[in-house]
1. What does the average come to when, for each residue of peptide A:125-138, you count the partner chain Cβ atoms lying within 10 Å of its Cβ?
2. Label position 7 Å from Cα toward Cβ: report the copy-to-copy distances for residue A:112 in nm, one decimal, ordered from shortest.
3. Which FRET efficiency value, to the nearest 0.05, is calculated for residue B:146 and residue A:112 with the Förster distance at 22 angstrom and r the Cβ-Cβ distance?
4. Ignoring ligands, DNA and RNA, what percent of the 1.4 Å accessible area of region B:36-149 is carbon and sulfur?
5. If the label for residue A:69 sits 7 angstrom from Cα along the Cα-to-Cβ line, what are its distances to the same label in every other copy, in nm to one decimal, shortest first?
6. In square angstrom, what is the accessible area per residue of region A:36-149 with a 1.4 angstrom probe?
7. Between B:122, B:146, B:86, whose Cα lies farthest towards the positive end of the dipole of region B:36-149 when Lys and Arg beta carbons carry +1 and Asp and Glu beta carbons carry -1, centred on the Cα centre?
8. Above 17 angstrom, tally the Cα pairs of region B:36-149 and express them as a % of all pairs, no decimals.
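The values are calculated or read from the model by the stated rules, or taken from the named source; none is laboratory data. These figures come from a predicted structure and were not determined experimentally. Cβ placement follows ideal geometry from the backbone for every residue including glycine, while neighbour counts extend to all protein chains displayed. Please note that ligands, DNA and RNA were not included when accessible areas were found on the heavy atoms of the full protein model with its side chains. Shrake-Rupley method; radii C 1.70, N 1.55, O 1.52, S 1.80 Å.
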Number of protein chains: 2
Amino acid sequence: MQTLPAATEDTPTRTDICSAAPRRHPRPDGQDRYTISEVAAFTGLTAHTLRWYERIGLMSHIDRSHTGQRRYTNRDLDWLDLVGKLRLTGMPVADMVRYAELVREGDHTFDERRELLETTRQDVLARIAELRDTLAVLDRKIDFYSSERTR
Amino acid sequence: MQTLPAATEDTPTRTDICSAAPRRHPRPDGQDRYTISEVAAFTGLTAHTLRWYERIGLMSHIDRSHTGQRRYTNRDLDWLDLVGKLRLTGMPVADMVRYAELVREGDHTFDERRELLETTRQDVLARIAELRDTLAVLDRKIDFYSSERTR
DNA sequence: CGCTTGCTTCGAGTGCACTCCAAGGTCATA
DNA sequence: TATGACCTTGGAGTGCACTCGAAGCAAGCG
């Protein structure tokens with residue numbers, strides 16, 4: 001933990017997307033191989049969307065069963081978790097694909113990844129500020145309507 | 001006149017969308033009649049979008065010059081301001097149109113308008129919470145990438 | 001007067017992020 | 001072993017929020 005946390009339990013890849021997050025592996029059940037519908041149920045995405053994510057390069061290669069069906073791992077779930085978070089910052093899918101590519105390219109893209117995340121961070125801060133602003137307007141109007149009613 | 005105020009000009013109409021906001025009339029210049037391109041410049045929307053807003057019922061009737069060209073008032077700018085705020089909360093345009101309809105229907109829709117705004121308010125609060133959450137994830141990852149680089 | 005710029009309308013086109021379909025193969029259970 | 005739920009693919013379709021185009025009218029200027 002102190003010096004160099006292995007990126008994943010079972011495969012210590014430095015490039016792993018989620019190394020910085022606290023491990024929360026034990027998923028729905030204890031397994032590490034989920035069907036597409038299990039993942040759909042767990043993430044709230046549809047199976048269609050999961051396949052589409054893969055097609056556009058937002059998910060790197062997903063394991064397959066001997067008959068070719070997708071078998072998602074806990075690592076994939078972690079990644080989908082991050083994608084979900086980034087998605088609700090309003091980050092375009094194309095940018096997330098870019099990030100995914102950087103991850104696939106290996107450790108030498110660390111700097112670029114950090115920059116990308118820092119840009120996103122600024123966007124999120126800005127968006128929060130905007131929303132606060134909007135909240136103030138909303139509150140003013142709600143007050144107005146409330147006080148009008150009791151006049 | 002008293003009982004049913006005409007809903008135009010600078011008169012304090014109860015139904016006015018922006019009664020609850022502090023007046024900040026003096027716009028770009030001191031006037032109260034702007035062309036569509038002036039409004040476009042001021043709001044950042046395109047003329048196309050402004051016309052489209054009108055078509056779908058998001059703007060109630062806009063004044064016209066004697067030759068049929070649109071002449072926007074400060075009141076219209078106020079409304080566009082609100083629309084802009086609501087838009088960036090992620091509120092669908094259809095809901096904003098609904099709100100616009102309520103405004104057009106008159107004072108007896110005050111309650112419904114307040115409810116709509118309160119629902120929106122909750123949405124905004126929820127979204128801010130989500131964004132904070134995302135920010136935490138982002139910060140963790142940025143830290144990770146920074147510390148990796150300086151190892 | 002001609003020229004440029006800006007306005008009008010309506011309908012069609014765009015880009016994004018899914019979302020669904022058809023045709024067929026696979027898996028669990030009665 | 002048969003039934004029905006679930007999986008595969010590529011490609012087409014959907015909904016939203018614009019965005020643009022075409023044809024034509026109008027205003028200001030040298």
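1. Values: counts 3, 0, 6, 6, 1, 5, 10, 2, 2, 13, 8, 1, 9, 13.
Other-chain Cβ atoms within 10 Å of each residue's Cβ, averaged: 6.
2. Computed spacing set for this position: 5.4 nm.
3. Details: r = 13 Å, r/R0 = 0.60.
Calculated value: 0.95.
4. Numbers: 2710 of 5600 Å².
Here it works out to 48 percent.
5. Nearest to farthest, the other copies are at 6.7 nm.
6. Ligands and nucleic acids excluded, the figure is 50 Å² per residue.
7. Farthest towards the positive pole: B:146.
8. On the way: 4174 of 6441 pairs.
Distances greater than 17 Å cover 65 percent of the Cα pairs.
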